Amino acid sequence: MAIVKSNYEKVDTGLFIHKLKPNVFLLRKVIGSKYFTKVLTLDTRSGWSKREYKNEAKKELVKWLEGVSKQVKGLKFKDTTKVNDLFELWKGKKDIGKKSVASDIAFYETYLQDSIGKEIVVDVIAAQIDDIIHNLMHDGKFNKIIGKVQVLSKRTAYDNTRRILGEMFDIALRNQLIAVNPCALLTKIAKTTRKTIVKDAVGKFYKLKMAILELYKDDPFWRGFFLFCLHGRRKGEVASLKWENVDLENDVYYLIDTKNGNDYKKPLPFLVKEAIMKIPADRCGLVFASPKTGETIKNTDRQKMKLDKVVGFDDFKLHGTRHISGSALEELGANSDIIKDHLTHKRDGVTYKNYVTYDTYINSCKALELLESIKEDYEF
């Protein structure tokens, strides 16, 4: 029987749930030009929610992908093996359900594939990769998702390219196709750290909050999105947040597979809760699914420009809301651990890493209490 993909909606990379049958899923994997698919029907469980079926399906997806990857492991390395072939092998060894892996795959396909994908692996040298990194930092690359040329920062261009291609060429090295990984010979780029100085952060926090509330008073979608960012969340964390990780009854939400690899429990700000409860949705999938495509939001530039005109901050960036909320907490007397836990930064040092168990949720609650205490009296 033919699989009708329109009967399914996306849950995660490679996993789709039937729109009418919560225990039926479509598993999908593309390797090169070959498609692997499977319809997974889970046993009906009394009292199970859609979320529980999804969690069980994710476990089955991992097992299925292991079997698929074994089918591509038989590829024989040849002197004509191309970097794109290496990419498919590398991808087959990854847990594509993780956001960090999906991000790496997108980076390769967007910024590296056209430049190096068709090259023969044994012919690639470090200088060639150096040129690719240089071009990404200075000339940029057209990004189809956002529809414009994007110039990458030194850190993004160098670190991501070196790490992703380095892992790929390690596969060729272990299979004795090459003698040296070219990424080990790349010209090092000195890291430059530009600290964003935020003055009168408490005043800026209040002004930005009021601007969001006024500008989007009739638009709960963008009101909730920007208020989330203002309360310390990364744009990607907000865009990828799913309803299954929001507990409206207990006023908490969960960040899964964050930038530092950890999961976090967070208190849900009252104004954010108020906004997202008014978003017209069936509360399944992404909280902030694109109104046009239903997929993850990629571009917020137009909405941010509206905020720019209202708040009038110099060189304001959406990520800057994290600097504002973190600096506001410091001005309000919060200690460094509260600020780190609020921003989901790892605590430093051997002591915290190996000996001390701590609950970031408690400090996150303290941080939220301080931020919600900011009233008009603080306005500059």
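The values are calculated or read from the model by the stated rules, or taken from the named source; none is laboratory data. Only a predicted model underlies this, so the values are computations on that prediction, with no experimental measurement involved. All Cβ positions, even for glycine, are placed from backbone atoms using ideal geometry, and neighbour counts span all protein chains on display.
Candidates in segment 164-191 are the residues that are out of contact with any helix residue (DSSP H, G or I) (no Cβ under 8 Å at 6 or more places or on another chain) and part of a helix (DSSP H, G or I); of these, the one that is surrounded by the fewest Cβ atoms within 10 Å (Cβ to Cβ) is Arg174. The listed residues are Asp377, Asp348, and the only one of them that is of a type in the set (D, E, K, R), under 23 Å from Leu227 (Cα atoms) and at pLDDT below 90 turns out to be Asp377.
Scanning segment 37-49 for residues that are charged (D, E, K, R) and surrounded by fewer than 13 Cβ atoms within 10 Å (Cβ to Cβ) yields a total of 2. Taking each residue of segment 318-345 that is under 18 Å from Asp308 (Cβ atoms) and looking for partners that are buried (at least 16 other Cβ atoms within 10 Å of the Cβ) and of a type in the set (Ser, Thr, Tyr) with beta-carbon atoms closer than 8 Å, six or more apart or interchain, yields Leu318/Thr300. Does segment 170-184 include one or more residues that are closer than 24 Å to Ala334 by Cα, more than 23 Å from the chain's Cα centre (by Cα) and among the hydrophobic types (A, V, I, L, M, F, W, C)? No. For segment 261-272, taking the residues that are in contact with a strand residue (DSSP E or B) (Cβ under 9 Å, 6 or more places away or on another chain) and within 12 Å of Leu248 (Cβ to Cβ), the one that is surrounded by the fewest Cβ atoms within 10 Å (Cβ to Cβ) is identified as Leu268.
Look through segment 215-241, keep the residues that are within 21 Å of the chain's Cα centre (by Cα), assigned to a loop (DSSP other than H, G, I, E, B) and of a type outside the set (Ser, Thr, Tyr), and return whichever of them is surrounded by the fewest Cβ atoms within 10 Å (Cβ to Cβ). So the residue we want is Arg234. Filtering Ser327, Ser290 for residues that are surrounded by 13 or more Cβ atoms within 10 Å (Cβ to Cβ) and farther than 30 Å from Lys148 by Cβ leaves a single hit, Ser327.
Among the residues of segment 308-342, those identified as assigned to a loop (DSSP other than H, G, I, E, B) and either small (Gly, Ala, Ser) or at pLDDT 90 or above (or both) are Gly312, Leu332, Gly333, Ala334, Asn335.
Return the only residue of Ile197, Ile279, Ile212 being closer than 26 Å to Glu331 by Cα, part of a loop (DSSP other than H, G, I, E, B) and modelled with pLDDT under 95. Testing whether each residue is closer than 26 Å to Glu331 by Cα, part of a loop (DSSP other than H, G, I, E, B) and modelled with pLDDT under 95 leaves just Ile197. Residues that are closer than 16 Å to Phe225 by Cβ and part of a loop (DSSP other than H, G, I, E, B) were ranked within segment 257-276; the one that is nearest to the chain's Cα centre (by Cα) is Leu268. Restricting to segment 107-131, name every residue that is assigned to a helix (DSSP H, G or I), of a type in the set (A, V, I, L, M, F, W, C) and crowded, with 17+ Cβ neighbours inside 10 Å. Scanning segment 107-131 gives Phe107, Leu112, Ile116, Val121, Ile129. Test Glu244 against the criterion of being at pLDDT 90 or above and buried (at least 18 other Cβ atoms within 10 Å of the Cβ), and give yes or no. Yes; evaluated as a whole, the condition is true for this residue.
In summary, Asp95 fulfils each of the numbered conditions (1) of a type in the set (Asp, Glu); (2) closer than 22 Å to Asp257 by Cβ; (3) in contact with a helix residue (DSSP H, G or I) (Cβ under 9 Å, 6 or more places away or on another chain); (4) modelled with pLDDT of 85 or more with the single exception of condition (4).
Can Asn143 be described as at pLDDT below 80, surrounded by 13 or more Cβ atoms within 10 Å (Cβ to Cβ) and closer than 26 Å to Leu255 by Cβ? Criteria met by Asn143. Apart from one condition, Lys304 fits all of (1) within 20 Å of the chain's Cα centre (by Cα); (2) in a loop (DSSP other than H, G, I, E, B); (3) modelled with pLDDT under 85; the exception is (2).
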